Structure formats: C-alpha cells, structure tokens
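Coordinate-derived values only; no laboratory data. Because the structure is a prediction, the values reported are computed rather than measured. FYI the Cβ positions are ideal-geometry reconstructions off the backbone, even for glycines, and counts take in every protein chain you see.
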Amino acid sequence: MALLFTLAALTLTASNVALSKGVYQTGPDFIAETFGSTTPQSKSLWLTPQLKNTAKDIMDRRIRGIRVRYWQHEDKTAWIMEEIGKELPITIGVVIVKGRVKQLKILAFRESRGWEVRYPAFTAQYQNVRITPDYKLDQYIDGITGATLSVRAVTKVVKLALFYHQQITQPNTNQVDKNQAHKPPNKQKESLHVAPQSP
C-alpha cells in the first residue's frame with residue numbers, strides 16, 4: 001500500500017512538472033496584449049562598448065550581440081529577453097512605463113525546477129519597481145524556496161530592461177548619447193595611403 005502511494009505521488013509530481021514547463025505566451029501575443037491597437041514596429045537599441053560594460057555588471061556575465069530589440073509607444077517600452085535559470089533559458093517579458101515596471105510575465109520556462117516564478121503572486125512584486133543609480137531595484141523581492149536561480153534570473157532581466165529603458169527615454173541620465181544608442185557603432189574609415197610617384 002505504501003509503495004502504491006509513493007508511486008502515485010511520484011506520478012503526480014512528474015505530471016505537475018510536465019505541465020509547468022513550456023511556452024505560456026508567445027512573444028507576438030505578449031506585444032499585442034501590451035500595446036493593443038497601437039502596437040508599434042520593433043526598434044533596436046545598439047549596444048555600444050559602454051552600454052555592454054554596464055549590462056555586464058548588471059547581469060554578472062558577458063553580453064553577447066550588438067543590439068537588443070524593443071517596442072515603444074510614447075513612454076511605454078516592452079522587452080523580451082532570456083536568461084539562464086540553472087541550465088536552460090527563461091523567456092521573460094517586461095513592460096516599463098515612465099521608468100517603472102508596469103508588467104512582468106514569464107513567457108516560457110524550460111526547466112524542471114523553479115517554474116513557480118511564473119505565478120502572479122511572485123511577478124506582482126515587481127510592479128512599480130525602479131532601478132537605482134547603482135543599478136539595483138528600489139524594492140525588496142521575496143524569493144521562492146527551491147527556485148533561487150530562477151528568481152535571480154528574473155530579477156537580473158528586470159534590472160537590465162529598466163537600464164535599457166533609461167537609455168531610450170531619459171537622455172539626461174544616459175551613459176551614452178541617445179542618438180548613438182539607436183544606430184550601430186561607427187566603423188572607422190580605412191585611410192588609403194598613396195605613395196608619391198617618382199618623376
């Protein structure tokens with residue numbers, strides 16, 4: 001009898017894990033839900049060396065790529081980014097309005113542990129959060145037992161999205177020139193040296 005109960009419990013646990021993993025909402029659906037009839041075209045924030053250095057400090061890892069995609073309508077921006085939890089990436093959607101988090105959603109989760117970060121009871125903690133001058137959140141975020149790495153990944157993405165939002169909407173506090181952030185870094189033109197011809 002005890003063995004049957006154990007097997008049943010293990011089966012139920014495995015079933016819950018299987019149901020907890022997966023894609024909860026696609027990127028396009030998240031953007032459409034965020035902006036409705038005013039859904040804008042996506043834009044690119046070009047990652048200059050200076051931006052990458054700060055992003056590296058926020059994420060505690062090297063930042064790959066040369067640009068990050070975002071959507072903007074007036075003071076509202078939306079970001080879809082991925083960060084590793086333990087071994088696999090978590091896809092996270094962040095909506096920011098006037099420098100504060102308006103909405104946070106876990107769009108996809110791929111690991112067997114830590115999926116509790118998808119629940120509104122957890123994500124609601126990020127509502128109205130801002131980033132401080134030293135790139136920390138201005139509110140405390142409660143963790144989840146057994147989901148420490150997932151919580152850490154979500155918090156890092158929120159901080160990075162808030163930092164990127166500043167680069168676009170608050171030029172007076174930007175580390176980089178606002179115009180430069182919207183265009184690829186200039187490539188230096190190669191100088192062509194022509195040797196004088198002999199008479």
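Remarks
- Cut-off under 5 Å, modelled amide H: who pairs with residue 129 long-range: 101
- Region 151-163 - phi-based ³J(HN,Hα) in whole Hz, Karplus 6.51/-1.76/1.60, Gly and Pro as x: 4, 4, 5, 4, 5, 4, 5, 4, 4, 5, 4, 5, 5
- Burial ordering of 24, 140, fewest other beta-carbon atoms within 10 Å first: 140, 24
- Whole-Hz couplings from phi, Karplus 6.51/-1.76/1.60, listed for region 114-119; x for Gly and Pro: x, 5, 4, 5, 6, 6
- Counting charges near residue 95 (Lys, Arg +1; Asp, Glu -1) among other residues having Cβ under 12 Å from its Cβ returns a value of +3.
- Derived scalar couplings ³J(HN,Hα) [region 28-45; Karplus, 6.51 cos²θ - 1.76 cosθ + 1.60; whole Hz; x for Gly, Pro]: x, 5, 5, 5, 5, 5, 6, 10, x, 6, 9, 4, x, 6, 6, 10, 10, 9
- Charge dipole (debye, nearest 20) of region 22-179; +1 at Cβ of Lys and Arg, -1 at Cβ of Asp and Glu: 300
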